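The values are calculated or read from the model by the stated rules, or taken from the named source; none is laboratory data. From a predicted model like this one, the values you see are computed outputs, not experimental measurements. Positions of Cβ are generated from backbone atoms using ideal geometry, with glycine treated the same way; all protein chains shown enter the neighbour counts. Just so you know, the surface numbers come from the protein's heavy atoms only, side chains and all, with ligands and any DNA or RNA stripped out. Shrake-Rupley method; radii C 1.70, N 1.55, O 1.52, S 1.80 Å.
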Amino acid sequence: FNNSPATHPFTKEKAYDLVFNDQFQKFYKEQSYNQVSFSGDVVDWYKLNRKDELNVGDYPCSAATDIELGQIVKDRGIDLAKYKRVVFLPNDQSSGGWSSVGSYGHKINEIYYNFSRACVGLDSFDGKSSNHPFEWKYFDYITSHEMGHSLGLPHAHGWDGGDTSLGTVRDENGRNSSYIEYGNYFDTMGDGYRALHFNAAYKEKLGWIKPSQFLNINQSGTYSINTLEKDSAIKFAKVSNYAQSDYPYYLEYRKAFGFDSDFNNQYISSNQNGLFINNAKGGGEGARLIDTSPTGSGWWEDTVKATLNSGATFTDPDNGITIDNVSNPT
């Protein structure tokens with residue numbers, strides 16, 4: 001932009017390595033059970049003949065419009081038909097990022113294309129790392145999160161019911177006040193502070209876990225699942241009572257492995273002994289992590305132990321679902 005910093009924050013070659021040869025690429029390969037990888041091209045810096053306009057349309061970082069993209073592809077000889085995703089890395093003062101949820105139609109130079117559109121803000125490139133016990137830069141988190149949106153995923157939320165798991169309190173707008181945006185701290189589509197793999201509902205939605213690789217539970221019984229992170233035979237369970245609700249519960253058993261290895265942190269390690277429970281509301285609302293060990297404390301404190309462990313019971317009386325007698329064989 002005309003008002004961008006005088007120097008570029010990185011080279012074209014560095015941008016390529018950040019996206020295609022570093023943690024972002026490795027993360028998607030691992031959590032998709034080696035089914036997903038990204039290939040593509042990086043176009044060198046292009047200066048738009050206007051000032052940077054941060055937060056236009058409530059976006060936290062700036063990108064070229066479709067008209068400007070049309071000029072870029074003309075000037076650089078880019079064949080947009082080769083690509084399903086477009087990601088902008090702007091030289092501006094922005095932080096965070098944004099993305100379309102899935103692909104949509106674009107008219108570029110009188111030709112129609114279908115691609116997702118995302119932006120990763122400059123603040124991501126300063127080398128800041130996270131609390132995880134491996135290299136995981138802010139850039140890795142933002143790019144992985146926004147690409148999740150580009151693939152069609154909403155945010156991963158939290159559901160804080162106060163002294164109970166589900167709660168009943170509603171705010172002045174009639175919305176349940178226990179809904180917490182980005183509230184799944186164990187999911188890159190949420191805050192991603194404590195673990196990174198997408199939740200089971202999202203992995204199923206993306207087709208990474210096939211119907212033969214999970215349990216579809218609709219009657220009482222005793223069932224066993226394996227860890228979500230590894231490419232095991234049964235990766236999660238889905239519990240439903242469709243006579244009462246269209247929204248199933250997803251049960252996950254998570255362990256310290258790869259990009260989830262921060263589960264070994266003693267502060268949250270007890271979450272390896274039980275079941276994470278997400279309620280998949282469907283539509284654009286996304287999956288909601290249930291606090292199965294409610295204390296009435298804040299959400300941050302409650303998720304130190306978010307799982308349903310031995311001796312505890314989770315009940316949804318409205319849908320006739322009870323989950324108990326959790327046993328961890330390891």
* To do: Provide the per-residue ³J(HN,Hα) series for the stretch 224-241, in order, calculated from phi with Karplus coefficients 6.51, -1.76, 1.60 and θ = phi - 60°, each as a whole number of Hz, with x at glycine and proline positions.
  => 10, 10, 9, 6, 6, 6, 9, 7, 9, 5, 10, 8, 6, 10, 10, 10, 9, 9
* Within the chain, percent of DSSP bridges classed antiparallel, to nearest 5 -> 70
* To do: Would you mind checking the tilt of helix 66-76 against the longest principal axis of the Cα atoms of the chain, expressed as 0 to 90 degrees and rounded to 10?
  => 60
* Where does the Debye-calculated log10 I(q)/I(0) of the chain sit at q = 0.09 Å⁻¹, using only Cα point scatterers of equal weight, no solvent? -> -0.52
* Counting only protein heavy atoms and using a 1.4 Å probe, what share of the accessible area of the stretch 233-330 belongs to carbon plus sulfur, as a whole percent? -> 45
* Asked: How far is the Cα center of the stretch 63-124 from the Cα center of the stretch 259-275, in Å?
  -> 38
* Structure fact -> From most to least accessible, 1.4 Å probe, no ligand or DNA/RNA atoms counted, Thr295, Thr315 line up as Thr295, Thr315
* If we sort 90-103, 143-156 on the protection proxy, mean other Cβ atoms within 10 Å, highest first, what's the order? -> 143-156, 90-103
* Structure fact -> With Phe236 itself left out, Lys, Arg at +1 and Asp, Glu at -1 over residues whose Cβ is under 9 Å from its Cβ give +1
* Asked: If you add up the charges near Ile290, with Lys and Arg at +1 and Asp and Glu at -1, over every other residue whose beta carbon is less than 12 angstrom from its beta carbon, what do you get?
  -> -3
* Cut-off 12 Å between beta-carbons: net charge of the residues surrounding Glu110, Lys and Arg +1, Asp and Glu -1 -> +1
* Asked: In straight Cα distance, which lysines are under 24 Å from Lys84, not counting same-chain residues fewer than 8 positions off?
  -> Lys12, Lys14, Lys26, Lys29, Lys47, Lys74, Lys107, Lys203, Lys205, Lys210
* Structure fact -> For Asp318, the accessible surface traced by a 1.4 Å probe with all protein chains present amounts, in square angstrom to the nearest 10, to 120
* Structure fact -> Sorted by chain and number, the residues with a modelled amide H under 5 Å from that of Phe115, at a separation of 5 or more or across chains, are Tyr104, His106
* Nonlocal Lys pairs with alpha-carbon distance under 18 Å, the stretch 215-311 (8 or more apart, or different chains) -> 5
